[in-house]
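We did not get these values from a lab; they are worked out from the coordinates using the rules stated. Computed from a predicted structure; not experimentally measured. Cβ atoms come from the backbone with ideal geometry, glycine included; neighbour counts cover every protein chain shown.
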Amino acid sequence: MTPITTCQYWHRSLNPKKLIEVGFSRLGARMTMSRTIKLYKLPDSPVTPGFRKMELRDVSAVTRLLRNYLSQFVVSPDFDENDVQHWLLPTEDVVDSYLVESPETHDITDFCSFYTLPSSILGNQNYSILKAAYSYYNVSTKTPLLQLMNDALIVANRKDFDVFNALDVMHNESFLKELKFGPGDGQLHYYLYNYRIRNALRPSELGLVLL
């Protein structure tokens, strides 16, 4: 069976010292550990006015944002409010979701989210768990996506994630290199059973992230 598309994982170091020490990544050519730590350093706080954690009262506004955004992609989920509450309302150690509420109008204009997937580290005396954040659904209507995702990196870093991963789906390609993500060697093949499409999709035509 042929996949409808194949996507690539990209990785952004949040705790480069730990990632190098456990063998997840390595020092670049002519780079020292201190220079690497400085390269990936992030601000202490998000920079976007009105950036805050999603709450239950935001479900309907986030649903509208998501449905409008996802409608442009060839393949995407059809979220309703129950889906958004179930999959995207923040749950500790499962999913983190943030939004931008306009300080002037109180409209919800932007949304970003990531889910948690820890891995066991074997054979290392100092570390037993690698805490990874995976980009989930992100919608930018007022805040530039680059800025929104930089704020997502900042909050993930504050929550002690070691690495932030993202697929090159939707509009993610527009921020990956600028925000110092590097391409990984992992790929994700998407299959649709009992469904035929004329041509394979580009990852940017896919509006679906699989958990």
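Give the range of the longest stretch in the chain that excludes all GluC sites (Glu not before Pro) found in loop regions by DSSP and having at most 15 other beta-carbon atoms within 10 Å. Can you show the working numbers first?
Working: sites that count: GLU55, GLU92, GLU104, GLU178.
So the longest stretch without any such site is 105-177.
Which of the aspartates and glutamates could a cross-linker bridge to LYS18, judged by Cα under 14 Å and excluding same-chain residues fewer than eight apart?
ASP160, ASP162
Which links in LYS38/LYS142; LYS17/LYS142; LYS131/LYS177 stretch past 24 Å when you go from one Cα to the other? It would help to have the intermediate numbers written out before the result.
Values: LYS38/LYS142 30 Å; LYS17/LYS142 35 Å; LYS131/LYS177 22 Å.
Beyond 24 Å: LYS38/LYS142; LYS17/LYS142.
Assuming R0 = 22 Å, can you tell me the calculated FRET efficiency for the pair ARG196 and ASP78, based on Cβ-Cβ distance, to the nearest 0.05?
It comes to 0.70.
For the chain, give the share of DSSP beta bridges that are antiparallel, in percent and rounded to the nearest 5; count only bridges with both residues there.
90 percent
For segment 5-205, give the magnitude of the charge dipole about the Cα centre (Cβ charges: +1 Lys/Arg, -1 Asp/Glu; no others), in debye to the nearest 20.
940 debye
Which residues make up the longest stretch of the chain clear of chymotrypsin sites (Phe, Trp or Tyr not before Pro) that lie in a DSSP loop with no more than 15 other Cβ atoms within 10 Å, not counting the sites?
Looking at the chain, 1-126 is the longest stretch - no exposed chymotrypsin sites (Phe, Trp or Tyr not before Pro) with at most 15 other Cβ atoms within 10 Å.
Could I have the simple spin-label model distance between TYR127 and ASN68, label points 7 Å from Cα toward Cβ, reported in nm to one decimal?
4.0 nm
Which value at 222 nm does the chain reach when only helices count, each DSSP H run of 4 or more adding -39,500 (n - 2.57), with the total divided by all residues and rounded to the nearest 500 deg cm²/dmol?
-6500 deg cm²/dmol
What does the C-alpha gyration tensor say about the overall shape of the chain? Classify as rounded when a/c is under 1.5, otherwise prolate if a/b is larger than b/c, or oblate.
Here the chain falls in the oblate category.
Over segment 1-130, what is the mean sequence separation of C-alpha contacts under 8 Å (at least six apart), divided by residue count, expressed as relative contact order in percent?
Across segment 1-130, relative contact order equals 19 percent.
For segment 124-211, which trypsin sites (Lys or Arg not before Pro) are in a loop by DSSP, counting at most 10 other Cβ atoms within 10 Å? Kindly include the intermediate steps, with their values, before the conclusion.
On the way: sites: LYS131, LYS142, ARG158, LYS159, LYS177, LYS180, ARG196, ARG198; in loops: LYS142, LYS159, LYS177, LYS180, ARG196, ARG198.
Within segment 124-211, the qualifying trypsin sites (Lys or Arg not before Pro) (loop, at most 10 other Cβ atoms within 10 Å) are ARG196, ARG198.
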